[in-house]
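J.: I'd like to ask some things about the structure below.
Please treat every number below as a calculation from the coordinates, not as lab data. No experiment lies behind these values; they were computed from the predicted model shown. Glycine gets a Cβ as well: all are built from the backbone with ideal geometry, and neighbour counts include every protein chain shown.
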Amino acid sequence: MVGKILIVMIISLVSLGNAGLFAQTSENVARIGKIYNYWYGATDVAVVGDLAYISAGQHGLQIMNVSDPEHLEMIGYWNENPGYAFTVSVSGDYAYLASGPDGLRVISVSDPELPELVGSCGFDGFARDVALSGDFAYVADNNCGLRVISIVNPEEPLEIGFVDLGSGILSVSVSDNYVYLAEETGFLYIISVEAPDNPEEVARLETVHRIHAVTISGDFAYLAGSRDGLRVISVADPLEPEEVGYCDTPRLVENVTIADNYAYLVDQQRGLSVVSIANPANPVQVGFFENWDMINGVTVSGDQVFLAESTGGIVVLTIEEPEHPGELGHYRTEEFLINLEVSAGYAYLPRGSKGLHIVSVHDPGHPAEVGHFDPPDTLSDVAVSGDYAYATASEDGLRVISIADPENPEEVGFNDTIGNAMGVEVSGSYAYVWNVPQGGIRAGGLSIFSIVDTEHPELVGSRRFSGGSYNVVVSGDYAYTTFYDYREETSGLRIISIVDPENPEEVGICNTRGSANGIAVSGDYVYVSDGHSGLCVISVEDREHPEEVGCFEMVDYVLAVSVSGDYVYMADCRNGLRVISVADPEHPEEHGFYDTPGYAADIAITNDGLIFVADRSSMGVYRFTPNGIDDEHINANPTEYHLATAYPNPFNSSTTISYGVPHSGNVSLQLYNPFGQRISTLYEGNRQAGIYSTSLTGGKLASGLYFVRLESSGHVFTKKIILTR
């Protein structure tokens, strides 16, 4: 497990990095099950009827029922391969996402509860915004300029035109035969798209020092001018744009939308400004709403305005009186999944103030929550032994929860004599709790509790360290704990003898190059997740003189690690699950990976080879197949037939198709083209009950849409897949 504070700090920092790092792929790893959809960071919002479509960065597309603003309800989402969704536009049954380095994504929302990726258009650039008009999507390419994409067939979007304007394009708006682009240093570009396959720049206007967004209404372009408020540009003659008015606001304007005679501006300093544009030459601020989060996006639907919060959720305001906007509803995103423990067919997931969630994984293809425990304080970690779960609850110390009946967990004991308890490991009759520094105290450490009497856990020993501990694993007579020493600015592994638990004694130390946090122990080796330095392999054959003998560098921040056999499994934050062979511990090498929907934060391996990952937004169940072996069988008993969405999808080389069979019988898995012609038989024959996966390679297949069809015992399922070249 990984201390909650450390994870939250690290993930918050990496969230600020280049969104281009979110490209999604997989190799030799397939996901077979998933539960939960926690998201944060709305980047944009579009409202059609009673539904709000929210682009949510690395959390893809979220769909919300907004018919009752006081009771906003999430009804669907797509985050299988999201890249980073910056903005969203909706037309008919499709939502279009500007997805950074992944270009334009097309999501079918014909069933809003089950949105599905059906098309994509990639290019050598960075999709920052998208506007729709007729059969075309106009994409603001932050690296290059304007991309014109035909969406005559939304499932096969095709780039047909391009204008190179250089870098810095942030926003796009379209009106009649003209496209308007806002460039971050202050230029407004006007492009004629009378011939969409031959777009042409017809005018440019240098305005204020920075523009974040542009929107068109009538004969005017309205610019969100950062420190320069709202700028009004006459485009009655698009060939001769001219600034005619402005309204300075005291805040950094991020976005703007127009409704009737009002402009609604949102800013980076927590507010909505309402500006009357009845006279575009003299816009005047007439209203304001203060919000306690930065706002990225804004849209108006009827007499309501919707705000997309950068670290929160969605706010709905009434603008029946634009001078006095008032809150109608607020959907606040929830705390995330950053730790987990799996034991005896159940996963235990602490979620801060939201308590402990207990999930049955007896059918790993369909995890299901069966129990919940409300804590007295914020839960950060959990360890399971027998019929008890031991949870750390910050200032409320160690809590003991009976899970004899997982559907009705009940607290039976606690010890709150220590503060800032962040993580726990159980071995035998003892619980080992680690603390991180708090307040002005620069010392945390390891506390040891006797749990012979589960109703009255007793503190029997402790060890304090400069900087404290961030994780602990017990193996034999030793506790291995990671640390960061604030005074010395060093990090690494401490080895503590627990032969006498009442008098733990440090016997060895090994500094690492990064920020040590997660630990896994196997034999004479300790595997440490070392932040930006990746995986650190430490020999502990001589525990008084541990030494680093191998390493595997990663491009992101490794938060947690687990080991099984010759493989180490790492939670690599934005890069998801990584599988490293340590058959030769001195020369580890990567054998597989899966870029999870969210930021991989913790990981657990079961004896039957299932991999569980908490990635903030969800808990996923995965399977690793060494060397890409096809037709792998997982020893699990699904309760119903199912055909999972292929991953990755779209794919350009290979994809993995997983399916579940609850009863023995004949199984047919076929590949068809859109004309109903069978292209290939992926499997035909008898199957025992279980979960299976098959790898499909593109080979000589042409790019385009295909259908995978599963048939067994009268049950038929079909999934779309897209091959791109």
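J.: Quote the FRET efficiency, to the nearest 0.05, computed for residue 412 versus residue 242 with a Förster distance R0 of 56 Å and r equal to the Cβ-Cβ distance.
T.: So, using R0 = 56 Å, E works out to roughly 0.15.
J.: When a/c reaches 1.5 or more, the comparison of a/b and b/c decides; with that in mind, is the chain rounded, prolate or oblate per its Cα gyration tensor?
T.: Prolate.
J.: Summing Lys, Arg as +1 and Asp, Glu as -1, what charge do residues with Cβ under 13 Å from the Cβ of residue 291 carry, residue 291 excluded?
T.: After counting each charged neighbour, the total is -3.
J.: For a label point 7 Å from the Cα of residue 477 along Cα→C-beta, name the residues of region 528-568 whose backbone N is under 18 Å from it.
T.: Residues passing the 18 Å test: 540-546.
J.: OK, next. Label point 7 Å out from residue 701 along Cα-to-Cβ: which residues of region 672-687 have amide N under 17 Å?
T.: 672-684
J.: Explain nothing, just compute: Karplus ³J(HN,Hα) = 6.51 cos²θ - 1.76 cosθ + 1.60, θ = phi - 60°, for every residue of region 90-104 in order, whole Hz, x for Gly and Pro.
T.: 10, 8, x, 8, 10, 10, 10, 10, 7, 10, x, x, 8, x, 9
J.: Determine the distance separating the Cα centre of region 260-277 from the Cα centre of region 515-590; give it in Å without decimals.
T.: 51
J.: Quick one: net charge around residue 86, please, counting Lys, Arg +1 and Asp, Glu -1 for every other residue with C-beta under 10 Å from its C-beta.
T.: With Lys, Arg at +1 and Asp, Glu at -1, the net is -1.
J.: Continuing with this model, one more query. Can you count the Lys pairs in the chain whose Cα atoms are under 23 Å apart, with each pair 8 or more apart or on different chains?
T.: 7
J.: OK, next. Quick one: grab the alpha carbon gyration tensor of region 40-329, order the square roots of its eigenvalues as a ≥ b ≥ c, and give me rounded if a/c is under 1.5, else prolate or oblate depending on whether a/b is larger than b/c.
T.: In terms of gyration-tensor shape, oblate.
J.: How many nm separate the modelled label positions at residue 664 and residue 499, each set 7 Å beyond the Cα in the direction of the Cβ?
T.: 5.5
J.: Could you give the longest part of the chain that holds none of the chymotrypsin sites (Phe, Trp or Tyr not before Pro) found in DSSP loops with at most 16 neighbouring Cβ atoms within 10 Å?
T.: Longest site-free region, per DSSP loop and neighbour criteria: 1-291.
J.: Quick one: Karplus J couplings for region 526-543, per residue in order, coefficients 6.51, -1.76, 1.60, θ = phi - 60°, nearest Hz, x for Gly and Pro?
T.: These are the phi-based 3J(HN,Hα) values: 10, 10, 10, 7, 10, x, 5, 7, x, 9, 10, 9, 10, 7, 10, 4, 9, 5 Hz.
J.: Would you kindly derive the ³J(HN,Hα) couplings of region 686-700 from the backbone phi angles with the Karplus curve 6.51 cos²θ - 1.76 cosθ + 1.60 (θ = phi - 60°), listing them in order in whole Hz, with x for Gly and Pro?
T.: 7, 10, 7, 4, x, 10, 10, 9, 10, 8, 10, 9, x, x, 8
J.: If you don't mind, another one. Any chance you could run the full-extension gain for residue 114 through residue 486? It's 0.36 nm times the residue separation minus the Cα-Cα distance, nm to one decimal.
T.: In short, 129.1 nm is gained.
J.: Moving on. Round to the nearest 0.05 the FRET efficiency obtained for residue 675 and residue 607 when R0 = 51 Å and r is the Cβ-Cβ distance.
T.: Calculated value: 0.65.
J.: Between residue 176 and residue 724, what's the calculated FRET efficiency when r is the beta-carbon distance and R0 is 41 Å? Round to 0.05.
T.: 0.80
J.: Which of rounded, prolate, oblate describes region 585-725, given a ≥ b ≥ c as roots of the alpha-carbon gyration tensor eigenvalues and a/c under 1.5 marking rounded, otherwise prolate only if a/b is larger than b/c?
T.: oblate
J.: Return the distance in nm (one decimal) between the two label points of a simple spin-label model at residue 404 and residue 509, each offset 7 Å from Cα along Cα→Cβ.
T.: In this crude label model, residue 404 to residue 509 measures out at 4.5 nm.
J.: How far is it, in nm, from the label point at residue 522 to the one at residue 323 when both lie 7 Å from their Cα along the line to the Cβ?
T.: 7.1
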